[in-house]
1. Between residues in the range 158-175 that are assigned to a helix (DSSP H, G or I) and residues that are open to solvent by less than 10 Å² (accessible area, probe 1.4 Å) and of a type outside the set (A, V, I, L, M, F, W, C), which pairs lie under 7 Å by C-beta distance while being six or more apart or on different chains?
2. Of everything in the range 176-210 that's of a type in the set (D, E, K, R) and in a helix (DSSP H, G or I), which residue is least open to solvent (accessible area, probe 1.4 Å)?
3. Give the range 211-227 a look and list any residue that's assigned to a loop (DSSP other than H, G, I, E, B), modelled with pLDDT of 95 or more and open to solvent by 40 Å² or more (accessible area, probe 1.4 Å), or say none.
4. Can you name the number of the only condition in (1) outside any loop (DSSP other than H, G, I, E, B); (2) open to solvent by 40 Å² or more (accessible area, probe 1.4 Å); (3) within 26 Å of residue 58 (Cβ to Cβ) that residue 96 fails?
5. Regarding residue 128, is this residue buried (at least 21 other Cβ atoms within 10 Å of the Cβ), part of a helix (DSSP H, G or I), in contact with a strand residue (DSSP E or B) (Cβ under 6 Å, 6 or more places away or on another chain) and not polar (S, T, N, Q)?
6. Among strands (runs of 3 or more DSSP E) lying entirely in the range 1-54, which contain 1 or more residues that are exposed (fewer than 14 other Cβ atoms within 10 Å of the Cβ)?
7. Considering (1) closer than 23 Å to residue 283 by Cβ; (2) surrounded by fewer than 16 Cβ atoms within 10 Å (Cβ to Cβ); (3) of a type in the set (Asp, Glu), say which one residue 121 fails and leave the rest.
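The values are calculated or read from the model by the stated rules, or taken from the named source; none is laboratory data. Because the structure is predicted, anything quoted here is derived from the model rather than measured. Because the Cβ atoms are built from the backbone with ideal geometry, glycine has one as well, and the counts that use them run over all protein chains shown. All accessible areas refer to the heavy atoms of the entire protein, side chains included, with ligands and DNA or RNA removed. Shrake-Rupley method; radii C 1.70, N 1.55, O 1.52, S 1.80 Å.
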Amino acid sequence: MSRAVIYETFGGPEALELREVPEPHAGPGEVRVRVTAAGLNPMDWAIAARPELAARFGIAVPSGFGSDLAGVIDEAGDGVEGFAAGDRVHGTALGKAVADHVVIRPPADALWRTPEGVGDEVAATLGVAGLTAAAALAAIGPRAGDTVLIGGAAGGVGVFAVQLARLAGATVIGTASPGTFGFLRRLGAEPVAYGAGLAERVRALAPGGVTAATDLFGTETAEAALTLGVAPGRISTVAAGPNPPGGVQATGAYSAAADAMERITAAIAGGGLTVPIAATFPVEKIRDAVTLQAGRHVHGKVVVTF
């Protein structure tokens, strides 16, 4: 037998159960990952709580839980290319990542080798948040001389976006709650409080103007950027639906460049990008882990360990 986090009804953390399940095995074209860590994302508990959102991703109850994982391949089926038993890997497996063993079919499921210098707890945070941040920035092309406004800068995606924009040479202003200002400054961003009057506060921080923006939470930052005169083509959103306001660009992890993960892990291994782990929980405490993250006051990533 193996263990997996399962929910049979949609709901909050109380719906999640760690259960014994039949141990899965890799078939032709598949690998089995012995999971050591799983990174949580807001989309995980949102899917588990909202049947209409789950349906958009093809998920029905009963379902497994989570998307991002890291571990070691312990089985490789016939015909698998590029991976072998013993490889350290990380990847995404929507609706099944928080489990002792996860069967993945590359390349249909995203799977990457974990390079030396990147630990499993860090690697387990990269699939959704790292690629979403990379895509959000690729849509606006930050570069030296830019001042980039990032909405939701202290969140799980924001911590990547802030640092990747800084690595591109841009100055970063990040929206957040006042309690996270010190945290954002350590990441290299100048913080600004979100809420009414955002555009005026940003204008005071950047009298020379903002040249690009990405909104990682909703539409407030995108609308402020439009007010500040940023061209719609240099504003992106990831959580505003397919038709964001003002003709700005909607994007997400699905549109990240093919080499985006390689660049992210290289930056981590080289010390240019830090992944703040806010908290780790053993899988037996999955409800506590989700409760913490769903409160939206956590600074960085929440990881479940096995």
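1. Between residues of the range 158-175 that are assigned to a helix (DSSP H, G or I) and residues that are open to solvent by less than 10 Å² (accessible area, probe 1.4 Å) and of a type outside the set (A, V, I, L, M, F, W, C), the close pairs are 158/174; 159/300; 160/130; 161/214; 162/174.
2. Of the range 176-210, the ones of a type in the set (D, E, K, R) are 185-186, 190, 200-201, 203.
Next cut, in a helix (DSSP H, G or I) only: 185-186, 200-201, 203.
Details: 185: 129, 186: 181, 200: 110, 201: 76, 203: 113 Å².
Only one residue fits best here, namely 201.
3. Of everything in the range 211-227, those that are assigned to a loop (DSSP other than H, G, I, E, B), modelled with pLDDT of 95 or more and open to solvent by 40 Å² or more (accessible area, probe 1.4 Å) turn out to be 211, 219.
4. Status for residue 96: all satisfied but (1).
5. Details: buried (at least 21 other Cβ atoms within 10 Å of the Cβ): yes; part of a helix (DSSP H, G or I): yes; in contact with a strand residue (DSSP E or B) (Cβ under 6 Å, 6 or more places away or on another chain): yes; not polar (S, T, N, Q): yes.
Judged against the criteria, residue 128 is a match.
6. Values: elements: 2-7, 17-21, 31-39.
Because the criterion is at least 1 residues that are exposed (fewer than 14 other Cβ atoms within 10 Å of the Cβ), the strands (runs of 3 or more DSSP E) in the range 1-54 that meet it are 17-21.
7. For residue 121, the failing item is (2).
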